[in-house]
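The structure appears below as structure tokens.
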Amino acid sequence: MRRRSRRRIMRATVELVDQRGYAGTTLGDIAEQAGLARGLVSYYFDGKRLLMQAATHRLMHLELAAALAELPVGASPDARLARAIDAVLGLALDHPRVMRSHLALILDPDVGAFVQDPEQQQLGAILRGLLKDWGAPDPVAEHAVLRSALMGGCIGVLLPGASTPLAPIRADLFARYGLPWCLGVPPQPEAPERAQTSARAGASTRV
């Protein structure tokens, strides 16, 4: 019951923030959308900010798992990592209000520190596993780099008035991991001209 209630609350949070934005969504709205008593929201989550963070991590975790599940059995480590990168970057396009709100909250030092909630830990475990299979010398350290790069990529796509197209952001990430442009879900048929050193065993690549 506890698990189902938490999931309903997090799902309702994403739905409402997608529609109204973070500022326009209250805990009472979320409780009503979830079909639960207002007190349960506060019981399960210590404030709106932590709820928003957990809900976004759950969204990222579910989207990533679903994207990987679509790959054929026996897909290569490169194919799986490419699909994971596209899944996370794609959230900036599919859920811009949610991702903007999430990024603004975790980057604001006045609202509290980043919390590694259970949803975030599941997301991190998937990414570390992908990096280990791909051949990262230190999957834990490389996960920190990838996480930062993915969040930076989302910021680039979402930055109001100065957004960057997805293609060059993706190209830089794919170059770092030596991934062919054709893997995953390319945003355009051909890759932009980018060159960078791969993080795997110091190999270099061009996409």
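The values are calculated or read from the model by the stated rules, or taken from the named source; none is laboratory data. Fair warning: this is a prediction, and the values are worked out from it, not measured in the lab. In this analysis, Cβ positions are derived from the backbone assuming ideal geometry, glycine residues included, and neighbour counts consider all displayed protein chains.
Pairing residues of segment 165-185 that are in the same structural domain as L150 (by TED's automatic domain parsing) with residues that are part of a loop (DSSP other than H, G, I, E, B) and at pLDDT 95 or above, at Cβ distances under 7 Å and at least 6 apart in sequence or on separate chains, gives F174/W181. Figure legend. Inter-residue proximity from segment 62-74: first residues within 14 Å of L89 (Cα to Cα), second residues among the small types (G, A, S) and surrounded by 10 or more Cβ atoms within 10 Å (Cβ to Cβ), beta-carbon distance below 6 Å, spacing 6+ or different chains. Indicated pairs: E63/A87; L64/A84; L64/A87; A67/A87.
Does A87 fit the bill of being modelled with pLDDT of 95 or more and in the same structural domain as H143 (by TED's automatic domain parsing)?
Numbers: modelled with pLDDT of 95 or more: yes; in the same structural domain as H143 (by TED's automatic domain parsing): yes.
Criteria met by A87.
The selection criterion, being more than 25 Å from L51 (Cβ to Cβ), at pLDDT below 95 and among the acidic types (D, E), does not hold for E142.
Of all the residues in segment 120-142, those that are crowded, with 21+ Cβ neighbours inside 10 Å and either in contact with a Leu (Cβ under 7 Å, 6 or more places away or on another chain) or in a helix (DSSP H, G or I) (or both) number 6.
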